[in-house]
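Let me begin by presenting the structure, written as structure tokens, before commenting on it.
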Amino acid sequence: MANRLRPARIKRVMIVCKRHQPRALPTVRLIVRFIEKRGIEVLLDPDTSRALKRPPRGVRRPADLYVVLGGDGTLLSVARSIAAHPRPILGVNLGGLGFLAEIGPEEAREVLDEVLSGQFALEQRMALEVSLLRGRRTVVRQRVLNDVVINKSAVARIFGMDLKLDGHFVTVYRADGLIISTPTGSTAYSLSAGGPVIQPDMEAIVIAPICPHTLTMRPLVVPPGTKVEIALREGGSEVYLTLDGQVGYPLRPFDRVRVKRSRHPVLMVRTGRRNHYDVLCRKLGWGERRGSGSD
């Protein structure tokens, strides 16, 4: 399992908000007042700063804590933006309970009181480094927390992909696509493609085909140090590389996608209020009892 780190003292907090949600700005105002009363410097993302009519402030150095208000998608975006300089991230979900942003607005002040007092743990989440190679050129290099997806954008037609692990040829996937995910991303797109649920503080890479033509093609779980390479046998404007479900790049025939463990993990704030299985029960309905039969 991933290591838990001792948190450092927090002196500067960056707040990033998906401000178009109804509860966003009232919650941000409450959080800003609460943090500033503690004598801690607050920074806001540019859109939120304008919405609150606060003058923008130049960022001299990275914040000690990122508080992200929105959903899991907002948190994924922030995690990518600070991938080279990881900082603790606390997610506040403005919708329903999220897999990443686990606390709601009604809990924000109480949880922040604990966090600013140092009563939390830092959980290291494994991330992936993704490179898109075209001939001898690397045209894209990014880090992701959830997953890397190669699939068709519109036309429902299978295509071929060669899979290599640590330089060794493994198989040719003929499928609608392929998902390469972290344990954190195992409950995202990979789950709907039949991939396993993996505890997020573990370290592994999941490779799950999307609707494979051959039913013997099953999801693979490989060690975290494995270097994964996918080579496209065909391509064109219909095949895309998508990172964390948010950033997309069109692929061409014979493009190669290389995926390996990132040197920089994502640091998630954990207060001990909920564990991974509490979230699974709520999100996937595992705790529900159906029917009226006895145990």
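The values are calculated or read from the model by the stated rules, or taken from the named source; none is laboratory data. Bear in mind that the values here come from a model prediction, so they are computed numbers and not experimental data. FYI the Cβ positions are ideal-geometry reconstructions off the backbone, even for glycines, and counts take in every protein chain you see.
This table checks each residue for (1) at positive phi; (2) assigned to a strand (DSSP E or B); (3) modelled with pLDDT of 95 or more.
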residue: 191; (1), (2), (3): no, no, no
residue: 213; (1), (2), (3): no, no, no
residue: 237; (1), (2), (3): no, no, no
residue: 249; (1), (2), (3): no, yes, no
residue: 258; (1), (2), (3): no, yes, yes
residue: 264; (1), (2), (3): no, no, no
Return yes when residue 270 is more than 24 Å from residue 133 (Cβ to Cβ), out of contact with any Ser or Thr (no Cβ under 8 Å at 6 or more places or on another chain) and not assigned by TED's automatic domain parsing to the domain that holds residue 140 and no when it is not. yes
Among (1) surrounded by 14 or more Cβ atoms within 10 Å (Cβ to Cβ); (2) outside the structural domain of residue 180 (by TED's automatic domain parsing), the one test that residue 232 misses: (2)
Here are the criteria: (1) without any contact (Cβ under 8 Å) to a residue 60 or more places away in the chain; (2) buried (at least 17 other Cβ atoms within 10 Å of the Cβ); (3) farther than 14 Å from residue 210 by Cα. Tell me which single one residue 193 does not satisfy. (3)
Residue 30 passes all but one of (1) over 20 Å from residue 79 (Cα atoms); (2) within 26 Å of the chain's Cα centre (by Cα); which number fails? (2)
Report, by residue number, each residue of segment 93-152 that is among the small types (Gly, Ala, Ser), modelled with pLDDT of 90 or more and under 20 Å from residue 276 (Cβ atoms). 127
Note on segment 222-248: residues under 18 Å from the mean Cα position of the chain (by Cα) and not acidic (Asp, Glu) are 224, 241, 242, 243, 245, 246, 247, 248
Mind checking which pairs have a first residue in segment 127-138 that is under 16 Å from residue 206 (Cβ atoms) and a second that is among the β-branched types (Val, Ile, Thr) and surrounded by fewer than 17 Cβ atoms within 10 Å (Cβ to Cβ), Cβ under 9 Å, 6 or more apart or different chains? 130/140
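Output the number of residues of segment 235-247 satisfying the condition of being touching a Leu at 6+ places or on another chain (Cβ under 7 Å) and either loosely packed, with under 15 Cβ neighbours inside 10 Å or under 23 Å from residue 187 (Cβ atoms) (or both). Walk me through how you get there before you give the answer.
Let us first name the residues in segment 235-247 that are touching a Leu at 6+ places or on another chain (Cβ under 7 Å), namely 235, 239-241, 244, 246.
In the following step, the residues that additionally are either loosely packed, with under 15 Cβ neighbours inside 10 Å or under 23 Å from residue 187 (Cβ atoms) (or both) were identified as 240-241, 244, 246.
Residues meeting the conditions: 4.
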Please find, within segment 139-156, the residue that is nearest to residue 211 (Cα to Cα) out of those that are touching a residue at least 24 places away in the same chain (Cβ under 8 Å) and of a type in the set (Lys, Arg). 152
Could you check residue 50 against (1) at pLDDT 90 or above; (2) part of a helix (DSSP H, G or I); (3) not polar (S, T, N, Q) and say which number it fails? (1)
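Taking segment 151-174 as the region of interest, how many residues are part of a loop (DSSP other than H, G, I, E, B) and either more than 26 Å from the chain's Cα centre (by Cα) or crowded, with 23+ Cβ neighbours inside 10 Å (or both)? Lay out the reasoning, then the answer.
To start, the set of residues in segment 151-174 that are part of a loop (DSSP other than H, G, I, E, B) comprises 153-158, 166-167.
Now narrow it down to the ones that are either more than 26 Å from the chain's Cα centre (by Cα) or crowded, with 23+ Cβ neighbours inside 10 Å (or both): 155-158, 167.
Final tally of qualifying residues: 5.
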Got at least one residue in segment 200-207 being more than 24 Å from residue 250 (Cα to Cα), assigned to a loop (DSSP other than H, G, I, E, B) and in contact with a helix residue (DSSP H, G or I) (Cβ under 6 Å, 6 or more places away or on another chain)? yes
Within segment 198-215, restricting attention to residues that are surrounded by 15 or more Cβ atoms within 10 Å (Cβ to Cβ) and of a type outside the set (A, V, I, L, M, F, W, C), which residue is farthest from residue 157 (Cα to Cα)? 201
Restricting attention to segment 117-147, which residues are assigned to a strand (DSSP E or B), more than 13 Å from residue 251 (Cα to Cα) and hydrophobic (A, V, I, L, M, F, W, C)? 121, 122, 128, 130, 144
Apart from one, (1) surrounded by 15 or more Cβ atoms within 10 Å (Cβ to Cβ); (2) without any contact (Cβ under 8 Å) to a residue 40 or more places away in the chain all hold for residue 110; the odd one out is (1)
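Going by what's in this entry, would residue 177 be described as in contact with a Leu (Cβ under 8 Å, 6 or more places away or on another chain), under 29 Å from residue 212 (Cα atoms), buried (at least 22 other Cβ atoms within 10 Å of the Cβ) and not aromatic (Phe, Trp, Tyr)?
On the way: in contact with a Leu (Cβ under 8 Å, 6 or more places away or on another chain): no; under 29 Å from residue 212 (Cα atoms): yes; buried (at least 22 other Cβ atoms within 10 Å of the Cβ): yes; not aromatic (Phe, Trp, Tyr): yes.
For residue 177, the condition - in contact with a Leu (Cβ under 8 Å, 6 or more places away or on another chain), under 29 Å from residue 212 (Cα atoms), buried (at least 22 other Cβ atoms within 10 Å of the Cβ) and not aromatic (Phe, Trp, Tyr) - is not met.
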